[in-house]
Amino acid sequence: MTRLGMLIDLNTCIGCHACSVACKAEFDVPLGAFRDTVHYVEDGTYPQVTRHFIPVLCNQCTDAPCLNACPTGAITRLDDGPVVIEEGDCNLNRFCMSACPYDAIYIDDDKGAAQKCTFCAHRTANGQEPACVTACPTGCRVFGDLDDPDSAIARKAAANPTTVWKPEAGTSPNVLYIDPRNALPLIAVNGVQVDTGADLAGQ
Amino acid sequence: MTVLPTVDRPWGALVAAYFVIIGLPSGLALVAWWLARRHRAGAVFDRYASWLSFAVLNLVGLLLVVDLGRPSRFFLMLTRFDNLSSPIAVGAKLIAVKTGLLLVAIWAVERHRRLAAAATGSTIVTTGGAGGPTRLGDAAEPVVRGLLLAASFALALYPAAVLSRTWSSPLAQTSGAALLFLSTALLLGAAAAGLLVAAAPARFGLAALTAPVRSLLLVLLAGHAVALLFQALGMRGDPRLDAAVADLTVGAHAWAWWAGVVAVGIAAPAAVLLAAPRSRVALAAAALTTAAGAGTVRYLLFAVGG
């Protein structure tokens, strides 16, 4: 059985947002919302400071809180694992957004439905990789079948210690991270976060 | 380390109001059942409670529809059965079922009243219609009443199930949350009963319920205080809960906790009820403050810690 997943190596992410832009272009994601973005987290005290770049997206959880929460059955799981939203069945009650510990779901007013990353199901169905994976200049994202021991993602996951974002949520994410500097918990402080300071004043 | 601002909550003021108000019809039904079993005038109260519950349930349904970004698809909450693990899906169907049961119960009560009034030639029927023949039949009416009670009890607890599945309401994930939603629902129902009993003219036949409602309020307030105490004692060790406790006791919501819940919601009504046991004005005042306190607890369970 195929179980699609993504492995993100934080050693090689340079925070360029090529993934975010590619995703925006692929899905025409509205202003202010993201299916895929990069958190910048500063750590330490001057002069011992560092900055982590942490790409985040829907974790396509095995035990998906959004899927269990949706009262209209609009959220379903594809055979190969990704969790998707049927736009026609969504009535925007937003329980999925409240249940998701990763802030991975947003409202698209134009479509009149909640939206989220689908691992680019329309691309993977044609044998392509997700747009964010293709766009990444450093190849920090590896996409494939986690249950196929010969796949690149399974081999890389086997060769490196991996972790997930918010393991305490108990959602069994299918997005894995190689995180040698233990940066992921830094974006877990005070719950779901977004860096609104990244917006420029427009001058 | 840079601590970034948290994202906006997906649910706003209308849903907060929904989770506060949805306790009232449940509490009313349970309190009306208790009063009807123990006091003759309880049958009269049951009629008013049924009408009020029906009105409030329609109001909360309207709140949900207005809050939806896509209200034209509200019906999906009722017609889709493919995800009954969703508490909201179950809750919406429960509200619909309870509304339907209330309609049947109200129809039966009003028919009782018409028949009783025709028999006595009076326009004021102080028995609430109880005791007369009904087209529902003696067997069907207890079934409707039983289902109504079961739905009311479930709806009293269901906000805990919904909010415990969210990241924005950590207090609802605690062991005492369901008990607090139940106790506040009962307090809201008892407070509504207190206001009705205190405000209704004598000819409505509710005055006999003054002492029972007062006693009920005092007992429920004591139970509620104990539930709050053990909820507080149980919130230790988890960083999110510690933060929520700090928010409640010395943070942004401290005024709501100390003034709204402790002073206005528990201490004031208890003091007024004990100081003036026969006063209907005191009962009305205690009922108002009790309702404010219970509503504040439900709001805090929804809002604190997200």
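Read-outs throughout are calculated quantities, based only on the coordinates presented, and are distinct from any laboratory measurement. This is a predicted model, so every value here is computed, not measured. With ideal geometry, Cβ positions are generated from the backbone for all residues, glycine too; neighbour counts draw on all protein chains shown.
Table for the structure above
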read-out: Modelled label reach - B:A271, point 7 Å along Cα→Cβ, the range B:195-218 residues with backbone N closer than 20 Å; value: B:214-215, B:217-218
read-out: Two-site label geometry, A:C16 and B:T79: point separation in nm, points 7 Å out along Cα→Cβ; value: 4.9
read-out: FRET efficiency, A:T134 to A:E86 (Cβ-Cβ, R0 22 Å, nearest 0.05); value: 0.30
read-out: Dipole-positive endmost among A:P101, A:I54, A:M1 within the range A:1-110 (Cβ charges, Cα centre); value: A:I54
read-out: Cβ charges +1 (Lys, Arg) and -1 (Asp, Glu), total dipole of the protein assembly as shown, debye; value: 2760
read-out: Eligible lysines near A:K156 by straight Cα distance, threshold 28 Å, same-chain separation 8 or greater; value: A:K24, A:K116, A:K166
read-out: Dipole moment magnitude, nearest 20 debye, chain A about Cα centre, only Lys, Arg, Asp, Glu C-beta charged; value: 340
read-out: Proximal charge balance of B:R240 [Cβ under 14 Å; K/R count +1, D/E count -1]; value: -2
read-out: Cα gyration tensor, chain B - rounded (a/c under 1.5), prolate or oblate; value: oblate
read-out: Signed unit charges on C-beta, dipole axis of the range A:73-161, positive-most listed residue A:A158, A:C132, A:F119; value: A:A158
read-out: Relative contact order of chain B, defined on C-alpha pairs under 8 angstrom at six or more residues apart (%); value: 23
read-out: Debye, to nearest 20: dipole size of the range A:134-182, +1 on Lys, Arg Cβ, -1 on Asp, Glu Cβ; value: 260
read-out: The range A:23-79: C-alpha gyration tensor shape, a/c 1.5 cut-off, then a/b vs b/c; value: prolate
read-out: Sites A:A25 and B:S72 - FRET efficiency at Förster radius 35 Å, r taken between beta-carbons, to 0.05; value: 0.70
read-out: Which of A:V142, B:L78, B:A246, positive extreme of dipole for the protein assembly as shown (C-beta unit charges); value: B:L78
read-out: Label-zone membership for the range B:106-120, site B:A55, 7 angstrom Cα→C-beta point, backbone N under 17 Å; value: B:106-107, B:110
read-out: Using a Förster distance of 35 Å, the FRET efficiency for B:R278-B:V104 (Cβ separation, nearest 0.05); value: 0.40
